[in-house]
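Encoded as structure tokens, the structure appears first; notes follow it.
The values are calculated or read from the model by the stated rules, or taken from the named source; none is laboratory data. Being a predicted model, the structure only gives us computed values, none of them experimental. Because the Cβ atoms are built from the backbone with ideal geometry, glycine has one as well, and the counts that use them run over all protein chains shown.
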Amino acid sequence: MAYVLGIESSCDETGAAVVRAGEEIVSNVVASQIATHQPFGGVVPELASREHLRAIVPVVRQALEMAGRPLAAIDAIAVTRGPGLAGALLVGVSYAKALAYALDKPLIAVNHLEGHIHAVLLEEKQKGNHEVHFPVLALVVSGGHTHLYLAMEKEDGWTYQNIGRTRDDAAGEAFDKVAKLLGLPYPGGPIVDRLSRHGDPRAVKFGSAQIKHANRGDARDRSRVWFDFSYSGIKTAVLRYVETHAMQPAIEARRRKLVPVAKPSVEEVLETCDKQTLDLVASFQRAMVEDLVSKTLLAAGEVGASTLFVTGGVAANSELRETFERDAAQRGLPVFFPSRPLSTDNAAMIAAAAYPKFLARDFAPADFSAEASLPLG
Ligand code: KG4
Ligand code: ZN
């Protein structure tokens, strides 16, 4: 049974994990950089690289210790090749290469998006569910991506066809930007999720024009079915609402109060929010969720998907999960999510995605490099 050491450093989490046979998490360590980036309201690439450099050795060491396996008892090393921040990726890739070379172990390069998809599969297998029906439609919805992939399992691994993506901002980016413009802490998704429970999601109407566009078809290949997402309009709509409702002074006061706090609690944030803010936040989240769910289910119907995977940081969102579960069930479509810790960036998903490649002996050449805009499929 193969033990794969996974390493992830594509954005603002340094991760290392040991996964057995692509189906059992033996250890999974994530060092988050949230406190470093919080004062800036977003990820600062140079700081991210520096933090990865600091964290990578202790994080890998801890993952091995928790797994009770020395490096010699690892069968392969898997690392995120891209997409992500170039400098951040480079830290993981260089370290993984050096380890593989020094130990004379196979090295496996993994696409981060493929990792998010395999997070779902890994946990289903861990629960004893080996019955996933293909084709799988996977919505990868994170800070950098809102992508739809049609996934198939072939003898020598998985294949992916990209059938949709955002034209502008990713869904997680919209959560983060809206939170920032409202003076809420970084990252925006988790706090918007928590605050939305206290607001009225029907209070503010976002016109369909702000988030809905006709599918333009794939410019490169018009024979392909194509599904577009677009989330920069809704962010502008929130900004306009803030301006026309004179919310700026309250936002400034909130920002002054929260910026010095490294990790403000939900209660601390809630204390700074009036009903108007909570209603706006809840209405924004409802609009995002309705758009993500309706477009994904439309795509699932058109391509004849048998199973739905929803994964990536935004898949941690409570309302998104509830709405997908309710609406997919109505259509008799099974929908799977990773647990919350495995929805956001982690290395267990990278080690799991590497396992089919390990079996197929699909190893990375020693001179491969990190690729910031690595496509999948
Ligand atoms: O997958 P991930 O950890 O990193 C990327 O690959 O981008 O996703 C991070 C994104 C951030 O934009 C964050 O705000 C969002 O996921 N996120 C959420 C929630 N938890 C994290 N968005 C909405 N609701 C959440 N509960
Ligand atoms: Zn991610």
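Computed quantities for the displayed model
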item	result
Neighbours by Cβ (under 8 Å, 6+ apart or cross-chain): first from the stretch 247-262, free of Cβ contacts under 8 Å to residues at least 12 places away in the same chain; second aliphatic (A, V, I, L, M)	GLN248/VAL242
Qualifying helices (runs of 4 or more DSSP H) (wholly inside the stretch 237-333; at least 2 residues being within 30 Å of PRO135 (Cα to Cα))	275-303, 318-330
Qualifying positions in the stretch 97-111 - closer than 17 Å to ASP362 by Cβ and either within 16 Å of ligand 2 (Cβ to nearest atom) or not in a helix (DSSP H, G or I) (or both)	LYS105, PRO106, LEU107, ILE108, ALA109, VAL110, ASN111
Per-region count, the stretch 145-183, residues buried (at least 24 other Cβ atoms within 10 Å of the Cβ) and β-branched (Val, Ile, Thr)	2
In the stretch 312-334, the residues that are within 8 Å of ligand 1 (Cβ to nearest atom) and of a type in the set (S, T, N, Q)	ASN317, SER318
Single residue of the stretch 304-334 satisfying the filter (among the hydroxyl-bearing types (Ser, Thr, Tyr) and in contact (Cβ under 8 Å) with a residue 40 or more places away in the chain) that is farthest from ASN28 (Cα to Cα)	SER306
Subset of the stretch 68-91 [more than 18 Å from the chain's Cα centre (by Cα) and either under 26 Å from LEU139 (Cα atoms) or assigned to a strand (DSSP E or B) (or both)]	ALA76, ILE77, ALA78
Residue within the stretch 335-357 that is over 20 Å from the mean Cα position of the chain (by Cα), within 24 Å of ILE34 (Cβ to Cβ), in contact (Cβ under 8 Å) with a residue 12 or more places away in the chain and within 15 Å of ligand 1 (Cβ to nearest atom) present	no
Conditions (1) more than 13 Å from ligand 1 (Cβ to nearest atom); (2) touching a helix residue (DSSP H, G or I) at 6+ places or on another chain (Cβ under 7 Å); (3) on the phi > 0 side of the Ramachandran plot; number of the one not met by LEU258	(3)
Looking only at the stretch 214-251, and only at residues there that are among the acidic types (Asp, Glu) and farther than 14 Å from VAL178 by Cα, the one that is modelled with the lowest pLDDT	ASP218
Residue list for the stretch 299-328, restricted to those being of a type in the set (A, V, I, L, M) and in contact with a strand residue (DSSP E or B) (Cβ under 8 Å, 6 or more places away or on another chain)	ALA299, ALA300, VAL303, ALA305, LEU308, VAL310, VAL314, ALA315, LEU320, ALA328
Residue under evaluation ARG340, criteria (1) under 17 Å from LEU122 (Cβ atoms); (2) in contact with an Asp or Glu (Cβ under 9 Å, 6 or more places away or on another chain), criterion not met	(2)
Residue list for the stretch 12-30, restricted to those being modelled with pLDDT of 95 or more, within 16 Å of ligand 1 (Cβ to nearest atom) and outside any strand (DSSP E or B)	none
Test: residue in the stretch 77-88 that is over 30 Å from ARG194 (Cβ atoms), within 16 Å of ligand 1 (Cβ to nearest atom) and aliphatic (A, V, I, L, M)	yes
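Yes/no matrix, rows are residues, columns are (1) more than 22 Å from LYS295 (Cα to Cα); (2) of a type in the set (Gly, Ala, Ser); (3) within 16 Å of ligand 2 (Cβ to nearest atom):
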position: TYR160; (1), (2), (3): no, no, yes
position: ARG165; (1), (2), (3): no, no, yes
position: ALA170; (1), (2), (3): no, yes, yes
position: GLU173; (1), (2), (3): no, no, yes
position: VAL178; (1), (2), (3): no, no, no
position: LEU184; (1), (2), (3): yes, no, no
position: GLY189; (1), (2), (3): no, yes, yes
position: LEU195; (1), (2), (3): yes, no, no
position: GLY199; (1), (2), (3): yes, yes, no
